[in-house]
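Peer 1: Pasting a structure here, questions to come.
Just so it is clear, none of the values below were taken in a lab; they were calculated from the coordinates. The structure displayed is predicted, hence computed values, not measured ones. With ideal geometry, Cβ positions are generated from the backbone for all residues, glycine too; neighbour counts draw on all protein chains shown.
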């Protein structure tokens, strides 16, 4: 016996900027699909291809997210100041001392 399960997947992008790259990726990978606004309907999918399209759609959404863009454009900030080493002089005493309260 041979069985083949086909799924029709519906994927809705969260950002309009993600629609074009998603459509181009679907065309490049020979998927049969239609677009209505932010919603893609992809026909004749298996479980594996559904997961693949879902992952790629999330990737395009994340790259189109304006909030993610703010993080990527800002310069990295070092929140921990680097400790400065104190210079030692001949007047210092080295050793283990008890703490006095």
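Peer 1: What span do the alpha-carbon atoms of the range 7-68 cover on each of the three principal axes, reported in whole Å from largest to smallest?
Peer 2: Principal axes ranked by extent give 33, 21, 18 Å for the Cα atoms.
Peer 1: I've got another one for you. Give me the one-decimal nm value for the distance between modelled label points at residue 30 and residue 62, 7 Å along each residue's Cα-to-Cβ direction.
Peer 2: That separation, rounded to one decimal, is 2.8 nm.
Peer 1: Let me ask something else. Which distance in nm do the two modelled labels at residue 98 and residue 47 give, with both placed 7 Å along the Cα-to-Cβ direction?
Peer 2: Distance between the two pseudo-spin positions: 7.1 nm.
Peer 1: On to the next question. How long is the gain from residue 5 to residue 20 if the chain were fully straight, where each residue apart is worth 0.36 nm and the alpha carbon distance is subtracted? Could the numbers behind the result be given before it?
Peer 2: Values: separation 15, 0.36 × 15 = 5.40 nm, distance 2.85 nm.
Full extension of this stretch gives 2.6 nm more.
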